[in-house]
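Each reported figure results from applying straightforward, stated rules to the coordinates on display, with no laboratory input. Please read these numbers as outputs of a predicted model, since none were measured by experiment. Positions of Cβ are backbone-derived with ideal geometry, glycine not excepted, and every protein chain shown enters the neighbour counts.
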Amino acid sequence: MTNSAVRWFHSYRTTPDPELRLVCFPHAGGAPTAYWSWANAVPKKIEVLATCYPGRQDRMGEPFAPSLQAMADDIASALRPLADVPLALFGHSMGSVVTHEVALRLDADHGIAPVRLFVSGSEAPHRREREESQPESDADFLAQLRGLGHSSLAAIEDPALLQLVLPSIRADYRLSAAYRPAEVARRHRAPLVAYAGAEDAHCTTEDLTAWSQYTAGTFETRVFPGDHFYLQAQEQPLLTHITGHLTADLRLRRVLNAARRTHG
């Protein structure tokens, strides 16, 4: 990978000659380790790349992204050299919006259309409500996060560790609150699958199905048991569903390529 790609993407399994790369975007305050277990749970022909946003883990000394759109610009540029094989994108919560914005830039700026987009635990961009400002008190902010079942909280009960990770969580929530989609929504060429937890009060059925407006391809929703962070307990069935689609996409791609060679 290029130096830029190494900064942005972590790979937790060596995948020689991958046929497809699944690029994963964490939730607000999340880190690439949210997807470390995915690497060995997908077929060997698929390489999982987990995105590391600025200001956390090995990028701790870097400034946080000034806006979600600016971050999407940088991610799309870093992905360009990795598009020697097909790309699929997955994002959870804030990562769903990152998926949407990165896919737009890959297509418009680099002529790269992902084979499929997966969004999770997020309303469609135009349905995002203006978020209230963050509580100034860390205790109040943490209480707000616990209401979502925030996956990072179990690891940050230690006060010293909390001071390390809380700034990145706050920075991402500011990015998410400030995000406004373009007034005229462009449709992705890629098929789109939208996921949610059945008990996620922040992502209703209407929020989820509204993603259909963002694709010119096929659209599908799938609801799993659980709350906003359903994907932790439902990792195996979620990955079975994702890789089922990706395996079919690769199979279709092989058939089309063979037909082109035959008639070319």
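For this structure, a couple of remarks:
- Annotation: average projected area of the range 209-264 is 5.3 square nanometres, based on the convex hull of Cα atoms across all directions.
- Taking N as the residue count of the range 1-130, its C-alpha radius of gyration divided by 2.2 N^0.38 Å amounts to 0.98.
- Most to least packed among 97-108, 191-202 [average Cβ atoms within 10 Å]: 97-108, 191-202
- Calculated P(r) of the chain - Cα pairs past 35 Å, %: 12 percent
- Computed [θ] at 222 nm, helices only, for the chain once each DSSP H run of length n ≥ 4 contributes -39500 (n - 2.57): -12000 deg cm²/dmol
- Separation of alpha-carbon centers, the range 64-83 and the range 181-220, rounded to whole Å: 21 Å
- Computed FRET value (nearest 0.05) for T209 with A70, which takes r as the C-beta separation and R₀ as 22 Å: 0.15
- Residues with amide H under 5 Å from that of H188, placed H, sequence gap 5 or more: T215, A216
- Structural descriptor for the chain: relative contact order 19 percent, calculated from alpha carbon pairs under 8 angstrom and at least 6 residues apart.
- Label-reachable residues, the range 13-53, where backbone N falls under 17 Å from a point 7 Å from M60's Cα toward its Cβ: 29-34, 52-53
- Converting phi to 3J(HN,Hα) with the Karplus coefficients 6.51, -1.76 and 1.60 and the offset θ = phi - 60°, the range 42-47 yields 10, x, 5, 7, 10, 9 Hz in sequence order, with x at every glycine or proline.
- Cα convex hull volume per residue for the range 28-101 (Å³): 101 Å³
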